[in-house]
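What follows is a short report on a single structure.
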Amino acid sequence: MTAIVVPLWETDHPYYCTEGNYYARPVDGLHTEYPSWAAFFAEWGGLDPDLNLVFRWDWKRSDPADYEPYDEPVPPDTLAVFWVLQRKAILRSTECVVTEADEPAVRAWLTECAAHMGLLWEPLLPAPAA
């Protein structure tokens, strides 16, 4: 049986997460934006997952219907990534512009992040099917 792969931009998480950190001023640099997936990945892609734990991601896509009546350009898709820097108990976020062509690389990286998160919850997760 083949699993159905839903594009990341069609994933709708049941709740939202606010960028940055409620307990810090915006100037403290706890939300960083990047112009592309490549720029984001160059800085964050290879960091130690124990020190930089990804706990959530959201692929954000604007609805063209919200912009067309006003003849405004539709903003590009973005990927928001939410982190806990565990060693110092810092909550922060990053956001980068992404395209559909970036999805395989984004999916591969997020899959690694999910596998690491799974290690933390392993005693509570169901055993893999044989």
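No lab work stands behind these numbers, since they all come straight from the coordinates. Fair warning: this is a prediction, and the values are worked out from it, not measured in the lab. In this analysis, Cβ positions are derived from the backbone assuming ideal geometry, glycine residues included, and neighbour counts consider all displayed protein chains.
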Based on the Cβ-Cβ distance of residue 56 and residue 101, what FRET efficiency does E = 1/(1 + (r/R0)^6) give at R0 = 22 Å, to the nearest 0.05? 0.40
Determine Rg/Rh for the stretch 13-122; Rg is computed over alpha-carbon atoms and Rh is the Kirkwood hydrodynamic estimate from the same atoms. 1.00
For residue 88, project a label point 7 Å along Cα to C-beta. Then give me every residue of the stretch 5-41 with its amide nitrogen under 12 Å of that point. 28-30
Asserting the computed 222 nm helical MRE of the chain (DSSP H runs at least 4 long, -39500 (n - 2.57) per run, divided by residue count, to nearest 500) equals -6500 deg cm²/dmol
Using the basic label-point model (7 angstrom from Cα toward the beta carbon), what is the residue 22 to residue 41 distance in nanometres? 3.4
Any chymotrypsin sites (Phe, Trp or Tyr not before Pro) in the stretch 36-129 that lie in a DSSP loop and have at most 13 other Cβ atoms within 10 Å would be 67
The chain: relative contact order from alpha carbon pairs under 8 Å, six or more residues apart, as a whole percent, is 28
Could you work out how far apart the two model spin labels at residue 13 and residue 127 are, taking each label as a point 7 Å from the Cα in the direction of the beta carbon, and quote it in nm? 3.2
Taking amide H atoms as placed 1.01 Å from N in the peptide plane, list the residues 5 or more away in sequence, or in a different chain, whose amide H sits under 5 Å from that of residue 55. 82, 83, 84
Which value, in debye to the nearest 20, describes the size of the charge dipole of the stretch 13-122 about its Cα centre when Lys and Arg Cβ atoms bear +1, Asp and Glu Cβ atoms bear -1, and nothing else is charged? 620
